[in-house]
1. Give me, ordered by chain and number, the residues 5 or more places off residue 8 or on other chains with an amide H under 5 Å from its own placed amide H.
2. What share of the DSSP beta bridges in the chain is antiparallel, in percent to the nearest 5?
3. Starting at 0 and stepping by 5 Å, how many percent of the alpha carbon pairs of the stretch 48-165 end up in each bin?
4. Please give the peptides 151-162, 32-43 ranked by average Cβ packing (other Cβ atoms within 10 Å per residue), highest first, as a rough proxy for protection.
5. Please give the Cα centre distance for the stretch 1-37 versus the stretch 51-101, rounded to the nearest Å.
6. Explain nothing, just the number: relative contact order of the stretch 2-216, from Cα pairs under 8 Å at least 6 residues apart, as a whole percent.
7. What is the dipole size for the chain, taken about its Cα centre, with +1 at each Lys and Arg Cβ and -1 at each Asp and Glu Cβ, in debye to the nearest 20?
8. Within a 10 angstrom radius of the beta carbon, how do 222, 96 rank from fewest other beta carbons to most?
Amino acid sequence: MKIAVCVKQVPDTETKIKLKPDNSGIDTAAVKWVVNPYDEHAIEEAIKLKEANAGSTVFVFTVGPKPRASEVLRTALAMGADEGIAIEGADGLDNSLAAKALAAAIKKEGPFDLVLTGRLAIDDNAASVSQMIASELGIPHATVISKMTLVGNVLTVEREIEGGTKEVVELSLPALIGANKGLNMPRYASLPGIMKAKKKVLKDYDLSALGVDAGQARLRYSNFKLPPEKPAVKMLSGDAAAQSHELARMLREEAKVL
């Protein structure tokens with residue numbers, strides 16, 4: 001099998017976010033970038049399929065500024081992927097353009113039997129790029145996948161839907177899958193894998209070579225705002241009866257929820 005995985009660079013959840021002076025976006029200078037957590041499940045599933053099918057290869061694609069795009073690709077290579085393809089793109093590239101760029105690179109490096117992505121990226125929660133990639137490639141897709149089984153050319157997947165129920169879907173390859181948490185447990189990169197990944201030569205594309213015009217973005221962000229500061233915690237004193245009375249008063253008169 002020839003498997004493609006699309007990954008995104010997102011801020012580490014422990015990074016303290018700062019805004020640009022004009023509030024036009026996030027100040028990325030001090031941000032630590034990591035592989036999107038849902039994409040880690042996509043990488044792991046691709047590697048598991050590779051291990052179960054001798055002679056298979058895993059290609060990992062990402063769009064973003066260097067060198068952070070290269071770093072997330074090396075993380076995937078250290079986990080066990082075979083090739084990394086970096087597409088040079090501006091920070092905050094429109095999702096539709098990112099999907100076009102990824103699909104174009106996949107076509108150039110393909111054909112692929114299976115394309116894997118995460119179900120969404122934790123920075124914008126848009127959950128749209130995987131579907132747009134499938135549309136650009138003209139292949140069937142399913143997302144929010146928590147279980148998958150491949151028999152011959154038929155992929156059977158289980159996806160979570162509303163109400164805590166699950167839906168079972170059969171797709172013929174080639175197809176695209178959006179991985180959810182629970183699909184697997186992503187492995188840690190081994191030390192030999194990390195050392196090999198550092199020496200691996202990555203393949204580069206720019207948007208123009210893929211026929212993508214960055215000026216045709218359909219979506220632009222502006223006027224970013226951080227969440228308001230949470231009010232200080234109030235400690236109640238006295239015995240249990242006095243605390244209960246004071247709590248009721250605060251909920252009624254201050255919080256206005258009673």
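Where a number appears in this text, it was derived from the coordinates with a stated rule and is not lab data. All of these numbers come straight from a predicted model, not from anything done at the bench. In this analysis, Cβ positions are derived from the backbone assuming ideal geometry, glycine residues included, and neighbour counts consider all displayed protein chains.
1. 36
2. Details: 17 of 44 bridges.
Percent antiparallel among DSSP bridges in the chain is about 40.
3. 2, 9, 18, 22, 23, 15, 7, 3, 0
4. On the way: 151-162: 13.8, 32-43: 23.0.
Per-residue mean Cβ counts within 10 Å order the peptides as 32-43, 151-162.
5. Cα centres, the stretch 1-37 to the stretch 51-101: 14 Å.
6. Values: 449 pairs, mean separation 54.5, N = 215.
RCO, the stretch 2-216: 25 percent.
7. Values: 33 positive and 33 negative charges, 87 e Å.
My answer is approximately 420 debye.
8. Working: 222 8, 96 17.
By the 10 Å Cβ count, ascending: 222, 96.
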